[in-house]
Amino acid sequence: MSADSKYLAQIGLVNPKSPTNVGGIMRAAGCYQADAVLYTGKRYELAARNGNAQYNTDTKRAGQHIPLQAVESLLAAKADDVKLVCVDLVVGAISLPEFVHPDKALYVFGPEDGTIGQEIIDNADAVVYVPTVGCMNLAASVNVLLYDRLAKLGGLDANDELIKRSRDTNNRVKVKS
């Protein structure tokens, strides 16, 4: 799903604090073909200054071809033809299994230690939650959402060639024929 197709998936992070989570999100963005990761706040930048820890979890180096961009406001950064979808445990939200993904979306996630602000929720085209017992890690939530989007909208030919391109270099195992 690239920006030049009819599909667009951007991830918006509200003031993330953990370079490890942002690195995991960048890896997810690469695996599930997201187009960009935007973030607000200063906590991530401050934490990341102590080294490039986010790339320890971005083992596929998605950050080399997917923009990771600081923005002042996620609402202002959203293009007019893109739907704003908040993903959080918010009363009244729609369950992810029931959600129909828009072709073009900015998916907004709250910080590891908080939630998405009311102003963003009030401007959302949809508010979605992942049904779990307890809350998931931020990067895990992004992985689940992007997998659900790709599974429902398509975009990858699921076959042995995809497996060969995607697996670790030390993995040469195959199913017994």
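The values are calculated or read from the model by the stated rules, or taken from the named source; none is laboratory data. Since this is a predicted model, take the numbers as computed values, not measurements. Keep in mind that these areas ignore ligands, DNA and RNA; they rest on the heavy atoms of the full protein, side chains included. Shrake-Rupley method; radii C 1.70, N 1.55, O 1.52, S 1.80 Å.
Just so you know, the Cα atoms of segment 67-141 work out to an Rg and Dmax of 12.3, 35 Å. When the pairs Lys6/Lys42; Lys83/Lys152; Lys17/Lys78; Lys42/Lys152; Lys6/Lys78; Lys17/Lys152 are compared against a 26 Å limit on Cα-Cα distance, Lys6/Lys42; Lys42/Lys152; Lys17/Lys152 fall above it. When Cys31, Cys135 are compared by accessible surface with a 1.4 Å probe, the order from highest to lowest is Cys135, Cys31.
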